[in-house]
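The values are calculated or read from the model by the stated rules, or taken from the named source; none is laboratory data. For clarity, every value in this text was computed on a predicted model and none was experimentally measured. Note that each Cβ is placed from the backbone with ideal geometry, even for glycine, and that neighbours are counted across all protein chains shown.
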Amino acid sequence: MTPLDSLCVAPFHELPDAARARVLNRLADTELFVALDGDPVEDRVKLRMFDVDGNRLAIAADDEDRLAGFFGAPTGHLAMPGRALAAMLAAEGVTLMVNPAAPSEMLLDAGILGWLATALSQAPAEEQAAPARLSAPSPAMVAALAEPLAARLADMEGLTEAAALVAAEWADGSRGHLVVLSGADEAARPLLAKALAELLAFLPPLAEGCDVAFDLPLPAGALVLRLEAIAAEPAPPSQPRAPGSDPDKPPILRF
């Protein structure tokens, strides 16, 4: 059972919109193994393609053994984040089959992959104007954001200490909500803001707008979520990178 499987309590295409959005959000952060046609040649790889109803189809899985099981034998593959694979395939109009014959099987056409890539490009700026007043968040926003925020905070381990949801009112009379992160290094803030923007992009429309802020004093009644610090393990010795595993040097795909 993989994290994607655990989110698919029903077949992916039968899930409600909000549940499917959570699956796609997790897919973006999942390392996928996409089948190759032959071995990589330096930084060039060719995906194994199938023609289905006139559309090109690539096959990927969230586990190497799962991919081999589908093909009936070990198969050459490229490992890369779901977000990167989605963007590359969307640009080429390629459909992606993920985890065939597994609980989390999903068939994502180029349109869905393009939507996913667009949602992942969301990166709002941190709220710069300090709010005039902070107060407890509305019950509707707590209901919509408590669980997704807790899950996203777990992914931010080591980057921030806590997240809080508060209602905010600004000097011009505008109102909304803020996710306030505490204990984050200055250098990590853009990354954290983008991660939260992606989270919000995958949620159903919220009752009110929600932005990101850092290290603000919290009002009574704020929804506060904390991460317990865990001692970092020593970094493993560096190993040669397989083609496609270096985010600064993406592979050159042949279609």
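Residue-by-condition table, conditions (1) modelled with pLDDT under 95; (2) within 18 Å of Ala102 (Cα to Cα); (3) of a type in the set (A, V, I, L, M, F, W, C); (4) buried (at least 19 other Cβ atoms within 10 Å of the Cβ):
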site: Glu31; (1), (2), (3), (4): no, yes, no, no
site: Asp39; (1), (2), (3), (4): yes, no, no, no
site: Arg44; (1), (2), (3), (4): yes, no, no, no
site: Val52; (1), (2), (3), (4): yes, no, yes, no
site: Ala60; (1), (2), (3), (4): no, yes, yes, yes
site: Leu67; (1), (2), (3), (4): no, yes, yes, yes
site: Ala73; (1), (2), (3), (4): yes, yes, yes, no
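Which of (1) touching a residue at least 40 places away in the same chain (Cβ under 8 Å); (2) within 26 Å of Ala150 (Cβ to Cβ) is the odd one out, the single condition Asn55 does not satisfy?
Of the numbered conditions (1) touching a residue at least 40 places away in the same chain (Cβ under 8 Å); (2) within 26 Å of Ala150 (Cβ to Cβ), the odd one out for Asn55 is (2).
If I go through the range 1-32 residue by residue, how many of them are farther than 18 Å from Leu113 by Cα, among the β-branched types (Val, Ile, Thr) and under 16 Å from the mean Cα position of the chain (by Cα)?
Total satisfying the criteria: 1.
If you check Glu169, Glu147, Glu186, Glu161, which single one turns out to be under 21 Å from Arg226 (Cβ atoms), among the acidic types (Asp, Glu) and surrounded by 13 or more Cβ atoms within 10 Å (Cβ to Cβ)?
Glu161
Identify all residues within the range 177-198 that are under 17 Å from Asp29 (Cα atoms) and either in contact with a strand residue (DSSP E or B) (Cβ under 8 Å, 6 or more places away or on another chain) or not in a helix (DSSP H, G or I) (or both); write none if there are none.
Leu192, Ala193, Leu196, Ala197
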